[in-house]
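To start, the structure under review is shown below, and the notes come after it.
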Amino acid sequence: MIPKVFKEVIDLGDGREISIETGKLAKQAHGSVVVQSGKCMLLCTVVSNYKAADVDFLPLTVDYREKFAAAGRYPGGFFKREARPSDGEVLTMRLVDRVLRPLFPKDYHSETQVMIQLMSHDPEVMPDAMAGLAASAAIQLSDFPFECPISEVRVGRINGEFIINPSLAQLEESDIDMVIGASADSVMMVEGEMDEISEEEMTEAIKFAHEAIKVQCDAQLRLAEAFGKKETREYEPERADEELAQKIHDMAYDKVYAVAKAGSSKHERGAAFAEIKEEIVASFTEEEIEDFGDLVSKYYSKAEKAAVRDLTLNEGLRLDGRKTTDIRPIWCEVDYLPSTHGSSIFTRGETQALATVTLGTSREANQIDMPSYEGEERFYLHYNFPPFSTGEARPIRGTSRREVGHGNLAQRALKGMVPEDCPYTVRVVSEILESNGSSSMATVCAGTMAMMDAGVQMKKPVSGIAMGLISDADTGNYAVLSDILGDEDHLGDMDFKVTGTADGITACQMDIKVKGLSYEILVNALNQARDGRLHILDRIVDTIATPNDDVKSHAPKMVTRTIPGDYIGALIGPGGKVIQELQKETNTTIVINEDPVTEEGIVEILGTGQEGIDAVLAKIDALLFKPEKGSVYEVKVVKMLDFGAVVEYTEAPGNEVLLHVSELAWERTDNVSDVVKIGDILDVKYFGVDPKTRKEKVSRKAILPKPEGWEPRPPRNNDRNNNRGRDNNRGRDNRNRDNRRDNRRDNSKNEEKKED
């Protein structure tokens, strides 16, 4: 039976469309859609168990995968099957998760899976920009308890004009690359990178994206209505006891308020809060604790959150005693690790990042192999968040999604400041040693200083700051917090990270936890973030104002040379023999790449010793040396032969040519050693390629004066036919003479016989 298909189409302008279709694929899922733009097709399915899991949170899994078959390719590596997700896929999962999760009820604890797959790829369409739309559309067709449809779009700007969901080629021309997630009413998530734009330009980009998202949310509602929107499922809500909640609030609020106002450290504050909670728990009997002990913990957390938020809104004070605009004390240091190519420490309050820089050749570039994108990164950053940084001991199970996301944000913040002509592959690694708020922004600051310490000629230093928000919807009162703590991130309504130079924003990441955040608050937060960012930038510049002029003495120096494509093979040698021996002799690393456009060879020479680099450059100069016909060159005798001497050009060692014995002097030369010896330096004239021998010809005698009375030898007669004829006649005459002699001998014998 042919399935009934339901479809909605969204017009993006410029002849581009996005279609949302359901009813054909994956009908046993609780909701499924195919989202298509051009040849790009995403399949999204959603399933949620009807029985709640035994946890106190939403066990939501968002999984995004790109199938290599979608691009007509095989997976790379030995196993020809897609394995663990790439960093690019993980980043897309995070983009979708951060928008979906707040819209589920807080007491909904059923295992929920959102699976998005790239089934067909179009080089002109970036699939990650449609993943949020696909997830929300599938949920709208299900019976999940979900607040409202959302969508995500990418916004770029080319020549001052904003564009929704630009292609990869368009994005390379754009000075903005932001993904915005929102419902029809509220912006909920922003992440991206920019080319030093202003706060006002960023706000305009968000507004432009939000208008497009409203259209996509309407299309989802129309599709759900046509398909037949299911009744929202019933689920067992969390147990509640309003009387108990009020009792615990009354017991805890004033005490928590007093501790919060004291402005103590993280550990002191945590211990004091734990003591208050223990006193409250101790006020209940064992039977009561056994009956509703989980509610006691839950309601205490609510009372603690209310007290801390009220302290900030009422008095403008924060947990550590700061005012809303204050930045925690900062200290920095560079060149801390003696063996690294560059290093720095950035400490802000109770957050500390130790960054290292490693310099390498293009061979160390980070290779990206995804169905939707193939390429390499010559600058990349890795972020590590060990459990000891928060004073915890927990299992270590590889790189987490959070580490991938935070590292990517810091990388995007810094990469625009790495000059295009930087010859190195640059790897930055950030080790978070302490964490109490915004370790990703500490990574940006530490990464800036470490690169300048390594001698990477950054265009401008970059700093970053994390902003928070506490608001009261009833009164309209709000407070924007600069340089938030970990607790303020948890208790607040917004986590907004902004990075940039003194001239503008380079990257941002924002998660908003309240509905209807006004653009007025957003602009105020951005302006306050700029003040804080510049304050931190001053501390960085005080530590290291400009990049070091050169790399460290133990770090490799990089020199790049371009050679004609025809010479690549000669430099590599048969089986790589020449380049391998050269690397061994000079203690360097040599990498040769071919420019796909010019077909020239780009030679990268990496070495810690200048002598080795100079030796490689000399070898290349010798390889490329081309003497000009008619010019005189200085040469050195390197080998003696019976028929001449082998000489090498002094300006191109290793470039050798034969000086024939006949070209040594005007006089006849019987022995080469009579004229030259090994090691002699002399001048020769270059005559190009001899048409007879088809070898290069040089002459010493051509630049010497002719001896007095010298006459050239008469030219040889090279008429082969005449020679051959004379030779034949001479042979014939000889034979006739022999015959006459034989005849005379025979006649003499006959006369003797007659006489006898």
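Along the charge dipole of the chain, which of Leu571, Gln367, Gly349 sits closest to the positive end, that is, farthest toward it, with unit charges on the beta carbon of Lys, Arg, Asp and Glu (+1, +1, -1, -1)?
Leu571
If you wrap the chain's Cα atoms in a convex hull and average its projection over all directions, what's the area in nm²?
Its Cα hull, projected and averaged over all orientations, spans 61.1 nm².
Say R0 is 30 Å: what FRET efficiency, to the nearest 0.05, do Ala622 and Phe643 get from their beta-carbon distance?
Numbers: r = 25 Å, r/R0 = 0.82.
Efficiency for this residue pair is about 0.75.
Please compute, for the alpha-carbon atoms of segment 331-543, the extent along each of the three principal axes and give them in descending order in Å.
Sorted from largest, the Cα extents of segment 331-543 read 58, 42, 42 Å.
Which whole-number percent is the relative contact order of segment 557-624 (Cα, under 8 Å, 6+ apart)?
Relative contact order of segment 557-624: 41 percent.
I'm a student and want to see the number: the projected area of the Cα convex hull of segment 6-227, averaged over all directions, in nm².
13.4
So if I take the centroid of the Cα atoms in segment 634-657 and the same for segment 337-403, what is the distance between those two points in Å?
53
What does the C-alpha gyration tensor say about the overall shape of segment 266-335? Classify as rounded when a/c is under 1.5, otherwise prolate if a/b is larger than b/c, or oblate.
Numbers: a/c = 3.76, a/b = 2.09, b/c = 1.80.
Judged from the Cα gyration tensor, segment 266-335 comes out prolate (a/c at least 1.5, a/b above b/c).
Arranged from highest to lowest average of other beta-carbon atoms within 10 Å per residue, in what order do the peptides 346-353, 154-161 appear?
Ranking the peptides 346-353, 154-161 by packing returns 346-353, 154-161.
Order the peptides 660-671, 105-116, 439-450 from the highest to the lowest mean number of other Cβ atoms within 10 Å of their residues.
Ranked by mean Cβ neighbours within 10 Å, highest first: 439-450, 105-116, 660-671.
Compute the distance from the alpha-carbon center of segment 109-123 to that of segment 140-213, in whole Å.
Here the answer is 20 Å between Cα centres.
State to the nearest 20 debye the size of the charge dipole of the chain about its Cα centre, where the only charges are +1 on K and R beta carbons and -1 on D and E beta carbons. Could the numbers behind the result be given before it?
Numbers: 94 positive and 130 negative charges, 1076 e Å.
In total the dipole reaches around 5160 debye.
Let me know the charge dipole size of segment 557-624 about its Cα centre in debye, to the nearest 20, where only the beta-carbon of Lys, Arg (+1) and Asp, Glu (-1) is charged.
Charge dipole, segment 557-624, about its Cα centre: 240 debye, nearest 20.
For every helix of n ≥ 4 consecutive DSSP H residues, a contribution of -39,500 (n - 2.57) applies; sum these over the chain, divide by its total residues, and give [θ] at 222 nm rounded to the nearest 500 deg cm²/dmol.
Counting only the DSSP helices, I get -11500 deg cm²/dmol.
Given contacts defined as C-alpha pairs under 8 Å and at least six residues apart, what's the relative contact order of segment 632-703, whole-number percent?
Over segment 632-703, the number comes to 33 percent.
Please report, in debye to the nearest 20, how large the charge dipole of segment 331-543 is about its Cα centre when each Lys and Arg carries +1 at its beta carbon and each Asp and Glu carries -1 there.
Approximately 400 debye in magnitude.
Using Cα-Cα distances under 8 Å and only pairs 6 or more residues apart, what relative contact order does the chain have, in percent?
9
So what's the gap between the Cα centers of segment 497-559 and segment 609-633, to the nearest angstrom?
Taking the Cα centre of segment 609-633 as reference, the centre of segment 497-559 is 46 Å away.
Lysines within cross-link reach of Lys106: Cα-Cα under 26 Å, excluding same-chain residues under 8 positions apart?
Lys51, Lys214, Lys229, Lys230, Lys247, Lys277, Lys298, Lys302, Lys305, Lys497, Lys513, Lys515
Using square roots of five times the C-alpha gyration tensor eigenvalues, list the equivalent-ellipsoid semi-axes of segment 632-703 in whole Å, biggest first.
Largest first, segment 632-703 gives 16, 15, 11 Å.
All other residues with a Cβ under 15 Å from the Cβ of Arg700 taken together, and with Lys, Arg as +1 and Asp, Glu as -1, what is their net charge?
-1
Send over the per residue convex hull volume for segment 501-603, Cα only, as a whole number of Å³.
Considering the Cα atoms of segment 501-603, their hull volume per residue is 240 Å³.
By average Cβ neighbour count within 10 Å, what is the ranking of 91-104, 622-635 from highest down?
The packing order, highest mean first, is 91-104, 622-635.
Where in segment 47-105 are there chymotrypsin sites (Phe, Trp or Tyr not before Pro) that are in a DSSP coil and have at most 10 other Cβ atoms within 10 angstrom of their Cβ?
On the way: sites: Tyr50, Phe57, Tyr64, Phe68, Phe78, Phe79; in loops: Phe57, Phe78, Phe79.
Answer in residue order: Phe57, Phe78, Phe79.
Tabulate in residue order the Karplus-calculated ³J(HN,Hα) for segment 271-283, using 6.51 cos²θ - 1.76 cosθ + 1.60 with θ = phi - 60°, rounded to whole Hz; enter x for Gly and Pro.
Taking θ as phi minus 60°, the curve returns 5, 5, 5, 5, 5, 4, 4, 5, 4, 5, 4, 5, 6 Hz for segment 271-283.
So which trypsin sites (Lys or Arg not before Pro) in segment 394-437 pass both tests, a DSSP loop state and at most 10 other Cβ atoms within 10 Å of the Cβ?
Loop-located and lightly packed - Arg397.
Taking the Cα atoms of segment 129-244 alone, what are Rg (to one decimal) and Dmax (as a whole number) in Å?
Rg then Dmax for segment 129-244, in Å: 17.8, 60.
Of Tyr299, Ser264, Thr285, which is farthest towards the positive pole of segment 242-315's charge dipole, taken about the Cα centre with +1 and -1 on the beta-carbons of Lys, Arg and Asp, Glu respectively?
The listed residue farthest towards the positive side: Ser264.
Calculate, in nm to one decimal, what Asp683 and Ser339 gain on full extension: separation in residues at 0.36 nm each, minus their alpha carbon distance.
Extending this stretch completely gives an extra 118.9 nm.
To make sure I understand the rule: partners must be aspartates and glutamates, Cα under 12 Å from the Cα of Lys626, and not fewer than 8 residues away in the same chain. Which ones qualify?
Straight-line reach from Lys626, under 12 Å: Glu651, Glu656, Glu696.
The numbers here are math on the coordinates, done by the rules we state, and not lab data. As the structure is a computational prediction, the values presented were derived from the model and not from experiment. Cβ: placed from backbone, ideal geometry, glycine included. Neighbour counts: every protein chain shown.
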